[in-house]
Amino acid sequence: MVKFYKMHSLGNDFMVLDAVTHECTLSIEMIKRWAQRHEGIGFDQLLMIAPPQQPDADFHYMIYNADGSEAEQCGNGTRCVAWLAQHLGLSNKPQLTWHSKGGVLQTKLREGSAPTVIETTLPVPSLAPGDVPFVASSQANTAVLQADGSDFEITAVSTGNPHGVIFVDQIATVDVATIGAALSTHEAFPNHANIGFCQVVDRGFMRLRVYERGVGETRACGTGASAAVVAARSHDLVDAQVKVSLPGGKLRISWSGPDQPITMAGGATLVFAGELVLKE
């Protein structure tokens, strides 16, 4: 029997496993089965906290989408694992360094905040097509792609995982499921991508909906919010600090510009804990 923890951040929900004190061996079929919302536990991603693999890290952590594919990075998920590591006594440090497939990031619990606010520092983002990766005829990070019979101008951004950002006038009317699915697997994104639909309200506020690869539309996406701010700043649409409103709530994103890391602030919530049998 292995204990699991159901958590969420702004409605972006996770199943979290502690692989520091328990051995966990997973298969794609197990992850897909547990991800089912009617016959399983239900989640957008499964997160696993593991012992560090590098000397400068406190923990390594893995991210698996609902379809069993492994993701590079997860901003909202990082806040959840940071909270849980403290809750389980895996660390008593308020500031932690995490290694994931997408690179290094830091988390910091704000002392005295109620509810708990966790700051996450993501790796330096990149607009270089090769880093996303993004393949376009002009080798620029912005291109027009076709989906569902229409053309969409998309800005490609890497925040440790691949994103495409589209600016829209009215976010409520966008067919995120159809357009997002088509663009997420577009040949311009060899590794597939998360697709964000962004409505800039003013230089300090935007609305965002995100189609996550391997999942579908989620109620929130931390790296997606970060990518939207980076893309908007690259087009001089927003300032360095932006409040991003997602269906599940709001995140505060700060990015001072090129060669600088992204900082986001938000909460993490434990919904329930349970035990499961690891079997095929």
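The values are calculated or read from the model by the stated rules, or taken from the named source; none is laboratory data. This one's a predicted model, so the numbers in the text were calculated from it and none came from an experiment. Neighbour counts run over all protein chains shown; Cβ positions are idealised from the backbone, glycine included.
Only one of 105, 90, 96 is closer than 30 Å to residue 33 by Cβ, buried (at least 17 other Cβ atoms within 10 Å of the Cβ), out of contact with any Pro (no Cβ under 7 Å at 6 or more places or on another chain) and not assigned by TED's automatic domain parsing to the domain that holds residue 220; which? Step through it out loud before you land on a result.
Working: 105 fails: out of contact with any Pro (no Cβ under 7 Å at 6 or more places or on another chain); 96 fails: closer than 30 Å to residue 33 by Cβ.
Just one listed residue meets the conditions, 90.
The set of residues from the range 1-34 being of a type in the set (S, T, N, Q) and either in a strand (DSSP E or B) or at pLDDT 95 or above (or both) comprises 9, 12.
Does residue 229 count as closer than 16 Å to residue 123 by Cα, in the same structural domain as residue 208 (by TED's automatic domain parsing) and aliphatic (A, V, I, L, M)? Talk me through it step by step, then tell me what you get.
Values: closer than 16 Å to residue 123 by Cα: yes; in the same structural domain as residue 208 (by TED's automatic domain parsing): yes; aliphatic (A, V, I, L, M): yes.
Yes; evaluated as a whole, the condition is true for this residue.
So, residue 231, is that one in contact (Cβ under 8 Å) with a residue 40 or more places away in the chain, surrounded by 24 or more Cβ atoms within 10 Å (Cβ to Cβ) and more than 14 Å from the chain's Cα centre (by Cα) or not? Steps first, answer last, please.
On the way: in contact (Cβ under 8 Å) with a residue 40 or more places away in the chain: yes; surrounded by 24 or more Cβ atoms within 10 Å (Cβ to Cβ): yes; more than 14 Å from the chain's Cα centre (by Cα): yes.
Answer is yes for this residue.
May I ask you to verify whether residue 175 is charged (D, E, K, R) and at positive phi? No, not satisfied.
Put simply, of 68, 77 the only residue that is part of a loop (DSSP other than H, G, I, E, B) and modelled with pLDDT of 95 or more is 68. Residue 116 - would you say it is touching a residue at least 60 places away in the same chain (Cβ under 8 Å) and part of a strand (DSSP E or B)? Taking the combined requirement at face value, the residue does not satisfy it.
Listed here are the residues, each with its yes/no results for (1) in contact (Cβ under 8 Å) with a residue 12 or more places away in the chain; (2) in contact with a strand residue (DSSP E or B) (Cβ under 7 Å, 6 or more places away or on another chain); (3) under 27 Å from residue 250 (Cα atoms).
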site	(1), (2), (3)
9	yes, yes, yes
26	yes, no, no
36	no, no, yes
76	yes, yes, yes
80	yes, yes, yes
99	yes, yes, yes
111	yes, no, yes
